[in-house]
Structure formats: structure tokens, C-alpha cells
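The values are calculated or read from the model by the stated rules, or taken from the named source; none is laboratory data. These numbers were taken from a predicted model, which means no experiment stands behind them. Heads up, the Cβs are rebuilt from the backbone with ideal geometry, glycines too, and the neighbour counts pull from every protein chain shown. Areas reflect the complete protein model, heavy atoms only, side chains present, ligands, DNA and RNA absent. Shrake-Rupley method; radii C 1.70, N 1.55, O 1.52, S 1.80 Å.
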Amino acid sequence: MAGFIAVHTGAGNCIDESKYQRVIKEACMRATEILRNGGSAVDACEAAIMRLENCGNTNAGFGSNLCLDGTVQCDAAIMDGTTLNFGACTNVSRVKNPIQLARRICDGQSEQQPLERIPPMVLAASGAEQYAEQQGCAMIEPNVLISSKAKFHYNHYKSKYDAVVGNHSKAVVEDADVVPEPGNEVELSAAPLDTVGAVCVDGAGNTAAGCSSGGILLKMPGRVGQAATYGAGCWASDTDELAIATCTTGNGEYLMKTLLAREICYGAFDSDCAVTSLHKTFKQKFLDSPLLPQQQDLYAGALTLLYYPKQSSGEVMWSHTTQSFCVGYMATTQKVPKFVHSPLPTYSVPGRSCVVNGHNFHLRI
């Protein structure tokens, strides 16, 4: 069976790409193994994101950013381009792999409910965790998701926050036994945005897109991010002419205000050139959007897959307004994945300019 997978570890300011390179390749190889064995795009997308959630270097699952009160609250979503089903979870702390729960919720969209009840599309907090247990998702204690790196970053930036707001309680998360990597002592606003995502097409030409995130560092407990928001974090839609899937990363509130994932896909359906379409969407629907504050830098990234069923070919595109973006991709015909560290051109201004690049692929069906 044929297929193609692409993943990302977030758009931001990547100081050390090596910490992402290995896990990106592992996620691609796991997904293509599933595709070769006849698995669906949704199967492969879920598996790839689970690998990214488990690595500890990303802001998803284990290693997620901590909230202002020192807790972990994760978001995730997945969308099936064939059925257009969407499932998401938010503010979960006891689910080992939030994307697994999102997948269960997505699948449930097609199940009949007693008394004509409508299946949930997004579940939150304790209700989501109760559903996860019922569905057989792997459950853990909340502190298991807290990595040493996350503890250090929390204590480092919480002390700065307390100094600014005049809070003298000095609450810390214990056992923060790591130090920042050389050159990584950056201000919170410039910290990496390590939300993860994946887009996939299987041998039948069906697409899927998914994303997972711990949210922004020091976020308010209970905050819902773009990774759990319909139309903002991921989108997938299949037609006989074009199948498309995308997942986003960046300033969550701004991605939600602009529904960037859906706008990217809608723009692609109305254009003959993927590169032009992405540039136009990022410019008109994000950077110049009247919904967003024009005096601020606007950070976003997107990984987009376009597949043309009649030609058995497609394009994977990465676009971002951040300093850098780490992505990887692999077709079932490849022996090894391709890793890309995409920088913003030197003449471009982060938060004000957008770069688009990509790669063509062909599926042997």
C-alpha cells in the first residue's frame, strides 16, 4: 500500500535542530510502516503524533509547557478528510497521548447514539478524561507528563512573571534539575513554539490532519488553544480533484481568530498554484487580517499536504512567519525520511514576513 506522511515540531526559533531531527524521522517511519500495512491516513497521523508526544522535547504530551499554576493541560485534535469528522480534547492532564483521545472522539462522530443524541466533537477536562478511560486510552498521573525541561522553564519564567506583577509567593515546581541549553536563555516571547502536527494521505487518496499541544508557557489554567479548536489547528477535506490537509502552529489566539487551518484549505481549492495560495492566505488572512493587532508581531506556521488523485501525485508545503520551522516527510516508497530545518530568509522580519517552500511527491498505487 502507498501513502505519504509529513510532520512538524512547531514553528519558532529553533536553537538546536538536532533535538527534533531524530524524533521527526522516527514519527515518519512509524507512520509509513502503518501505511505500508494497509492502515488509513488517520491511523498513520495518530501514530506519528503519538511518537512526537512521547519524546519529551516538544510541547505536546510528555514535556508540555506548564500553566501559570504549575500544572499540565493538553489539547489535541484530528480530522478525517474523507468523512470530514473532527474530534478534539482540551485541558486534559491524565491522558498519556491526547491525540489518541481526539481520535476516539473523531471516530465517535460516525456512531449512532441512543435517543438521537449528537456525538460530542470536543471534550474538556474531567469529562474528557472520563471518556478517555471508557475508550481504553492510556491514562497516567498528571505529574508523569511534566519533564525536567518543562520544570526548569516554568521556574525560570515564573520568577520573571512574579517580579513583573509583584507576586512574592515564589511558587516553584520542585526538582527542576536541568539548565538551559547554551544560547537558549531567551525571553518568553521568543521561546520555541513546539506544538506538533502531522498531515497524511493513504493509498486510497484519503487525507488526515492532526495536532497536539501543551499550550503557551504560563497560560491561564483552563485556556483552550488552537490545537483543540475547529478550523484553527487542523483541517482536512477530500474531493475527486484535490485532497488537502493542513495543521498549524504559532500564536494560538491569533490562529483561532483567523481560523487559519480552514482558510489555508479553502484558499488551495480556489487556486491553481499551492505556493501562491499559501502566500496569499498568510498575507491576507493572517498578517494583514483586521481581526489581529497590527502593531504586534504575528507568529504562525503551517504544514500542508495537497494530493491530486487523478495524477497520483501531490505536494507537501511548509510556511511560517517565525524564525524557523522543523519538518519531516516520507513516502512509502522512500527508505529514509527527509528532515528539513526551514529558516526565514535573512531579509525577512519574523512576525511580519512569510516564507513558503515545499516538495513534490508521487504515489505508486
Open item on the list: Looking only at the stretch 47-86, filter to residues that are in a loop (DSSP other than H, G, I, E, B), open to solvent by less than 10 Å² (accessible area, probe 1.4 Å) and among the aliphatic types (A, V, I, L, M); which one of those is nearest to Met330 (Cα to Cα)?
Closed with: Ala60
Open item on the list: Looking at the stretch 6-46 only, could you name the residues that are open to solvent by 10 Å² or more (accessible area, probe 1.4 Å), touching a helix residue (DSSP H, G or I) at 6+ places or on another chain (Cβ under 6 Å) and not β-branched (Val, Ile, Thr)?
Closed with: Asn13, Glu26, Arg30, Asp43, Glu46
- [ ] Residue by residue through the stretch 126-147, note down the ones that are of a type outside the set (Gly, Ala, Ser), in a helix (DSSP H, G or I) and either farther than 9 Å from Arg94 by Cβ or under 23 Å from the mean Cα position of the chain (by Cα) (or both).
- [x] Glu129, Gln130, Tyr131, Gln134, Pro142, Asn143, Val144, Leu145
Task: Near pairs, Cβ below 8 angstrom, 6+ apart or cross-chain, from the stretch 19-34 (touching a residue at least 40 places away in the same chain (Cβ under 8 Å)) to any residue that is assigned to a helix (DSSP H, G or I) and of a type in the set (Val, Ile, Thr) - done: Ala27/Ile49
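Select from the stretch 297-333 the residues that are part of a loop (DSSP other than H, G, I, E, B) and in contact with a Ser or Thr (Cβ under 7 Å, 6 or more places away or on another chain) and write down the one among them that is surrounded by the fewest Cβ atoms within 10 Å (Cβ to Cβ). Spell out how you get there, then give the answer.
Quick first cut of the stretch 297-333, residues part of a loop (DSSP other than H, G, I, E, B) only: 297-299, 309-312, 321-323, 332-333.
The next check asks that each one be in contact with a Ser or Thr (Cβ under 7 Å, 6 or more places away or on another chain); those that pass are 298-299, 321, 332.
Working: Leu298: 23, Tyr299: 24, Thr321: 27, Thr332: 21.
Going through the qualifying residues, I end up with Thr332.
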TODO: Only residues in the stretch 47-72 that are on the phi > 0 side of the Ramachandran plot count as the first member; pair them with residues that are surrounded by 24 or more Cβ atoms within 10 Å (Cβ to Cβ) and not in a loop (DSSP other than H, G, I, E, B), Cβ under 6 angstrom, at least 6 apart or cross-chain, and list the lot.
DONE: Gly61/Glu53; Gly63/Ala150
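Here is a list: Val340, Val336, Val349. Which entry is surrounded by fewer than 23 Cβ atoms within 10 Å (Cβ to Cβ), touching a strand residue (DSSP E or B) at 6+ places or on another chain (Cβ under 8 Å), of a type in the set (Val, Ile, Thr) and part of a loop (DSSP other than H, G, I, E, B)? Steps first, please.
Working: Val340 fails: part of a loop (DSSP other than H, G, I, E, B); Val349 fails: touching a strand residue (DSSP E or B) at 6+ places or on another chain (Cβ under 8 Å).
After ruling out the rest, the residue left standing is Val336.
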